[in-house]
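Worksheet: one structure, shown below.
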Amino acid sequence: MTDEQEWVRPSGVWATAVGVARVRALETERENALFRDPLARAFAAAGGLWPSSPPPADEAARRRRLGVAFSIVIRTKFLDDLLREASASGIRQVVLLGAGMDSRAFRMDWPEGTRLFEVDTAVPLDFKSSVLCQERAVARCERITVPVDLREDWPRALAAAGHDPGAPTVWIAEGLLIYLPEDAVELLLARIGARSAPGSRMGLTLGSRGVIERFGADAAPGSAASLWVSEMPDDPVEWLAGHGWEASSHTLRERAAAYGRPLGTQPQGEERPGGLISAVRR
């Protein structure tokens with residue numbers, strides 16, 4: 001198998017990042033797009049999902065795909081805004097956990113002195129690097145990749161890459177926690193907390209209660225929904241308070257309405273997956 005053939009066959013959890021890129025590319029082409037991601041199309045094409053992807057097997061699967069795509073668009077906008085607010089507050093360290101095909105280092109405007117760390121395994125980071133090189137993309141901040149599995153000692157790798165736990169950090173875990181079992185989520189938050197100075201911020205996306213039963217139970221093998229294993233706790237604000245964070249919880253429906261993209265404009269059906277969390281370290 002050649003390198004080129006390998007790149008067009010992403011597999012495992014990280015392969016869902018290419019699907020996320022496709023959703024962002026489609027949103028970018030909308031006249032009233034909530035964000036613009038010029039690199040998303042290149043990531044999707046390199047992963048074999050552009051200009052089209054395999055059609056869903058049935059109507060229920062089509063509705064699930066639309067629901068997941070809608071959640072990706074809203075959460076992207078939500079976290080973009082959170083990052084801008086964190087930068088405006090003076091934070092100059094950004095850590096993207098499970099960075100996937102995130103292109104915020106390239107598509108957002110960053111204050112001088114910003115250092116953005118992308119933490120993910122080597123395979124997606126290498127895939128991403130090949131696309132970025134092909135596109136001749138230039139980061140708008142200091143971008144540092146940290147190739148490490150989040151199930152391993154990633155804090156040590158992050159420290160070796162230059163992260164300063166004494167300075168505030170904004171942490172982003174987008175579309176990540178739903179793939180981790182509960183004990184791994186708790187460990188991840190404990191590790192984040194140990195490296196978060198007062199004033200640090202965090203943006204999380206969580207699977208809403210019952211989302212696995214509604215979306216994942218009969219999902220096609222290998223699809224993103226088939227890999228989901230965890231949902232948000234009953235009270236995410238109280239849960240994060242126990243980890244030392246002052247949090248606010250938002251639903252996709254609330255944020256979609258605020259962004260002028262109310263849920264009613266989407267195909268009717270199941271509630272869309274995902275909760276949106278912003279938090280501050282006190």
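Scanning the range 242-256 for residues that are out of contact with any Ser or Thr (no Cβ under 8 Å at 6 or more places or on another chain) and open to solvent by 60 Å² or more (accessible area, probe 1.4 Å) yields 242, 246, 253, 254, 255.
Based on what the data block shows, is residue 200 in contact with a Pro (Cβ under 8 Å, 6 or more places away or on another chain), at pLDDT 95 or above, closer than 30 Å to residue 153 by Cα and crowded, with 16+ Cβ neighbours inside 10 Å? Judged against the criteria, residue 200 is a match. Of the residues making up the range 21-31, those that are within 16 Å of the chain's Cα centre (by Cα) and either open to solvent by 30 Å² or more (accessible area, probe 1.4 Å) or at pLDDT below 85 (or both) number 1. Residue count for the range 82-104 under the criterion of being over 12 Å from residue 172 (Cβ atoms) and within 17 Å of the chain's Cα centre (by Cα): the result is 3.
This table checks each residue for (1) open to solvent by 10 Å² or more (accessible area, probe 1.4 Å); (2) part of a loop (DSSP other than H, G, I, E, B).
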{"site": "19", "(1), (2)": "yes, no"}
{"site": "33", "(1), (2)": "yes, yes"}
{"site": "44", "(1), (2)": "no, no"}
{"site": "50", "(1), (2)": "yes, yes"}
{"site": "62", "(1), (2)": "yes, no"}
{"site": "95", "(1), (2)": "no, no"}
{"site": "116", "(1), (2)": "no, no"}
{"site": "128", "(1), (2)": "no, no"}
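Against the definition (basic (Lys, Arg), at pLDDT 95 or above and in a loop (DSSP other than H, G, I, E, B)), how does residue 140 come out, yes or no? Criteria met by residue 140. Against the test of being surrounded by 20 or more Cβ atoms within 10 Å (Cβ to Cβ) and modelled with pLDDT under 85, the options 216, 222 yield a single qualifying residue, 216.
The values are calculated or read from the model by the stated rules, or taken from the named source; none is laboratory data. Because the structure is a prediction, the values reported are computed rather than measured. Positions of Cβ are backbone-derived with ideal geometry, glycine not excepted, and every protein chain shown enters the neighbour counts. All accessible areas refer to the heavy atoms of the entire protein, side chains included, with ligands and DNA or RNA removed. Shrake-Rupley method; radii C 1.70, N 1.55, O 1.52, S 1.80 Å.
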